[in-house]
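Derivation of every value follows stated rules applied to the coordinates shown; laboratory data play no part. None of these values were measured; they are calculated from a predicted model. Cβ atoms come from the backbone with ideal geometry, glycine included; neighbour counts cover every protein chain shown.
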Amino acid sequence: MRAVRIDRFGGPEVLVPVEVPDPVPGPGEVLVRIVAAGVNRADALLRAGVYHRAGRPPLIPGAEAAGIVVEVGEGVTGFAPGQRVMAMDGGKSSGFYAELATVPATLLVPLPDKVDLTRAAALPIAWLSAWYCLRHLARVSKGDTVVVKAAASGVGTAAVQIAAEVGARVIALAGSAEKAAWAGEFGADITVDTSVHPDEAEVEEVLRLTGGHGAEVVLDTVGGQAFGRSLREVGHGGRVVALANVALEPSTVDTRDFYPKNASILGFQLTNLQIHGYDPRPDLRELVERVAVGVYRVPVETVVPLAEARVAHERLERRDNRGKIVLAVGPE
């Protein structure tokens, strides 16, 4: 089968198309023909060798995908050849930058006909992360003010819609006027171009927009120095959820920015959550149901052929994308 493999850590140029043997499903596994694979920041970190569970090359990246069941392994029930499914990695399956992958049946969700496979491939990482952070950790409710950072990213676009659905007031922060406007199209009540309001000016703008009180929830998808600003933007009794450090730099935290406000800092890392027993399938089913009936829109901005995965990573690392980047692996 065709795949894209990392034989050494490095930049996007180390993503090399190769021919590798077809995988064979073991007990409890399903062999899936991949139609589309989502591209995530974690893929780029894995490729660079700085991801927390990078392992050692050779590696096939890709943590989310959608495709068609080819074969089921021993003991698998509920899946059959020809079935359309959404798959996620969870640290246990083969990577999805490939025509075929074996996936534990516990990490597969059947797809309704109304959800196409390209959009489905964008759900298991970015959308599930935004859903879990807002619904389970921050417990966003109607009337809350929610600040979403990097609001034009895959996670950000999802978070804006998830918060808006429950009746929260959404303040979307994005790095350009175009990206801020994009976030507004998906339900943000207020958009802030952080290129006009950089660093401490961002904090001042958020406080101004919240009448000086700060937000009930800040979803920090950036990390680094942005995390310190998140603590200053949250209000009394509020929640700051940290789910990434795409800045790849240390975060300097002044405890005086949060303990006097009785604010909570909540961490999220999807793979570690699964290792400690989280079953993602109920949440993924809820997400898919909402997408199927049009409650959520899943914007896939760029579709890149599998062999050009390098181009997808270059675009991701330039932060050019609005919404998701997806690899086209095979025909539906």
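What to note about this one:
- For Arg56 and Arg319, the difference between the fully extended length at 0.36 nm per residue and the C-alpha to C-alpha distance is 92.0 nm.
- The Cα atoms of region 202-280 give a gyration tensor whose axes a ≥ b ≥ c have a/c of 1.5 or more with a/b greater than b/c, which makes the shape prolate.
- When +1 charges are put on Lys and Arg Cβ atoms and -1 charges on Asp and Glu Cβ atoms, the dipole computed for region 1-85 relative to its Cα centre reaches about 300 debye.
- Net length available on complete extension from Lys142 to Glu308 is 55.5 nm, with 0.36 nm assigned per residue and the Cα-Cα distance removed.
- Cβ-Cβ FRET estimate between Met1 and Val166, R0 fixed at 41 Å, reported to 0.05: 0.45
- Note on the chain: helix-only mean residue ellipticity at 222 nm, from DSSP H runs of 4+ residues weighted -39500 (n - 2.57) and normalised by residue number, equals -7000 deg cm²/dmol.
- For region 127-271, the spread of Cα positions along each principal axis, largest first, Å: 36, 33, 32
- Options Asn272, Leu100, Pro57, ranked by Cα towards positive dipole end of the chain, top entry (Cβ charges): Asn272
- Cα shape, region 31-138, gyration tensor, a/c 1.5 rule: oblate
- Beyond 28 Å in Cα-Cα separation lie the following of the pairs Lys114/Lys324; Lys179/Lys261; Lys261/Lys324: Lys179/Lys261; Lys261/Lys324.
- Remark: the chain carries a charge dipole of roughly 320 debye about the Cα centre, counting +1 on each Lys and Arg Cβ and -1 on each Asp and Glu Cβ.
- Of the GluC sites (Glu not before Pro) in region 4-112, the ones in a loop by DSSP (not H, G, I, E or B) with at most 13 other beta carbons within 10 Å are Glu74.
- A crude spin-label estimate for the pair Glu185 and Glu74, with each label 7 Å from Cα along the Cβ direction, gives 5.1 nm.
- Positive-end residue of Thr252, Trp182, His136, charge dipole of region 127-271 with Cβ unit charges: His136
- Sparsely packed trypsin sites (Lys or Arg not before Pro) within region 106-149, loop by DSSP, other Cβ within 10 Å at most 16: Lys114, Arg139, Lys142
- 0 to 90° range, to nearest 10: angle between helix 281-292 axis and the chain longest Cα axis: 80
- Rounded to the nearest 20 debye, dipole of region 127-271 from Cβ charges on Lys, Arg, Asp, Glu: 500
- Scoring 41-47, 200-206, 155-161 by mean Cβ neighbours within 10 Å over their residues and listing the highest first yields 155-161, 41-47, 200-206.
- Placing dummy labels 7 Å off each Cα toward the beta-carbon, the span from Ser176 to Ile275 is 3.7 nm.
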